[in-house]
Amino acid sequence: MDKLHPQCAKCGILRCGSKDMSMKVPPSCPTEKYRHLAGVTVEKLKLPENRAVNKGWLDVMSRILDPERSKEKNGWTRIDEIMQYARARGMKKLGIATCYALLPESKSLTEILENNGFTVVSVACLCGELDPGEIDMPGNIICNPILQAEILDREKTELNLMVGLCVGHDILFLRHIKGETTPFVVKDRALGHNPVAALYLNQNPFFKDRFNKLKKED
């Protein structure tokens, strides 16, 4: 096993956030291990399509981190950020790739976006009414995330939002969508579609055994 694979999540040095180059990092640090890639990625970041994304990001972050409005920093919801990014990029037509089970949430999202001046195209995962047997899958119905991606691309949506696509189908959607795409809802049936809650629960001794038990049973 490669003992030098990057483990940023376990790092206790965090030089990358301090810019203090006197701090010694381990050989597994991706900055050290893959230093030769830095120049390559810089050139990619300079490409016009990537510059445009970064300019949109900068517009959003400059507002969130505005020192004259420091109390508003934590008042930005995900949807606020998405709408501001779209405005900064001059995007008017947004797409929603939604799970069929989250159509009520997608309807509410659509209403918010439309009320803020955007045109919205939404496509549910069961679009196309695919017969599972055609792709050698069991059951009576099955999602078609590739069709969702193809439709949104043909509708020429400028920014797409993923709403609750299942694990696996979100991968297929992202593999085939050409337009810019960002997650809005990540499905989590147990936690009200808030998967990070599992991490907070895992820090609590009362809940921690639940996750350890699941790991052992596997």
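The values are calculated or read from the model by the stated rules, or taken from the named source; none is laboratory data. Keep in mind that this is a model prediction, so the values were computed, not measured. Neighbour counts are summed over all protein chains in view; Cβ atoms, including those assigned to glycine, are modelled from backbone coordinates with ideal geometry.
Looking at Gly168, Gly133, Gly95, which is the one that is buried (at least 17 other Cβ atoms within 10 Å of the Cβ) and of a type in the set (Gly, Ala, Ser)?
On the way: Gly168 fails: buried (at least 17 other Cβ atoms within 10 Å of the Cβ); Gly133 fails: buried (at least 17 other Cβ atoms within 10 Å of the Cβ).
Only one candidate passes the filter, namely Gly95.
Take the residues of the stretch 119-154 that are among the polar types (S, T, N, Q) and part of a strand (DSSP E or B): which is nearest to Gly90 (Cα to Cα)?
Step one: of the stretch 119-154, the residues among the polar types (S, T, N, Q) are 119, 122, 140, 144, 148.
Those left that are additionally part of a strand (DSSP E or B): 119, 122.
Details: Thr119: 13, Ser122: 20 Å.
Step by step, filter the stretch 119-154, then rank; the result is Thr119.
Quick one: count up the residues across the stretch 89-116 that are of a type in the set (Lys, Arg) and touching a Lys or Arg at 6+ places or on another chain (Cβ under 7 Å).
Just the residues of the stretch 89-116 that are of a type in the set (Lys, Arg), to begin with: 89, 92-93, 107.
Checking which are touching a Lys or Arg at 6+ places or on another chain (Cβ under 7 Å) leaves us with 93.
Residues that pass the stated criteria total 1.
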Problem set entry | Failed item in (1) surrounded by 13 or more Cβ atoms within 10 Å (Cβ to Cβ); (2) farther than 29 Å from Tyr85 by Cα; (3) modelled with pLDDT under 95, with Lys208 passing the rest | (1)
Problem set entry | Candidates Arg89, Arg35, Arg69, Arg51, filtered to the one that is without any contact (Cβ under 8 Å) to a residue 12 or more places away in the chain, closer than 30 Å to Gln148 by Cβ and out of contact with any Cys (no Cβ under 6 Å at 6 or more places or on another chain) | Arg51
Exercise. Residue check: is Val53 among the aliphatic types (A, V, I, L, M) and touching a helix residue (DSSP H, G or I) at 6+ places or on another chain (Cβ under 6 Å)?
Worked result: no
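From Asp170, Asp188, grab the single residue that is at pLDDT 95 or above, in contact with a helix residue (DSSP H, G or I) (Cβ under 9 Å, 6 or more places away or on another chain), in a helix (DSSP H, G or I) and of a type in the set (D, E, K, R).
On the way: Asp188 fails: in a helix (DSSP H, G or I).
Sole residue among the options that is at pLDDT 95 or above, in contact with a helix residue (DSSP H, G or I) (Cβ under 9 Å, 6 or more places away or on another chain), in a helix (DSSP H, G or I) and of a type in the set (D, E, K, R): Asp170.
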Seminar exercise, completed: Within the stretch 16-32, the residues that are under 27 Å from the mean Cα position of the chain (by Cα) and in contact (Cβ under 8 Å) with a residue 12 or more places away in the chain are Cys16, Ser28, Cys29, Pro30, Thr31
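With in contact (Cβ under 8 Å) with a residue 24 or more places away in the chain, part of a loop (DSSP other than H, G, I, E, B) and hydroxyl-bearing (Ser, Thr, Tyr) as the only criterion, which of Thr157, Thr182 stands out?
Values: Thr182 fails: part of a loop (DSSP other than H, G, I, E, B).
The conditions single out Thr157.
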Exercise. Could you say whether any residue in the stretch 74-97 is touching a Ser or Thr at 6+ places or on another chain (Cβ under 6 Å), at pLDDT 90 or above and of a type in the set (Val, Ile, Thr)?
Worked result: yes
For this session: Filter the stretch 4-43 for residues that are surrounded by 10 or more Cβ atoms within 10 Å (Cβ to Cβ) and basic (Lys, Arg) and give the result.
Result: Arg15, Lys33, Arg35
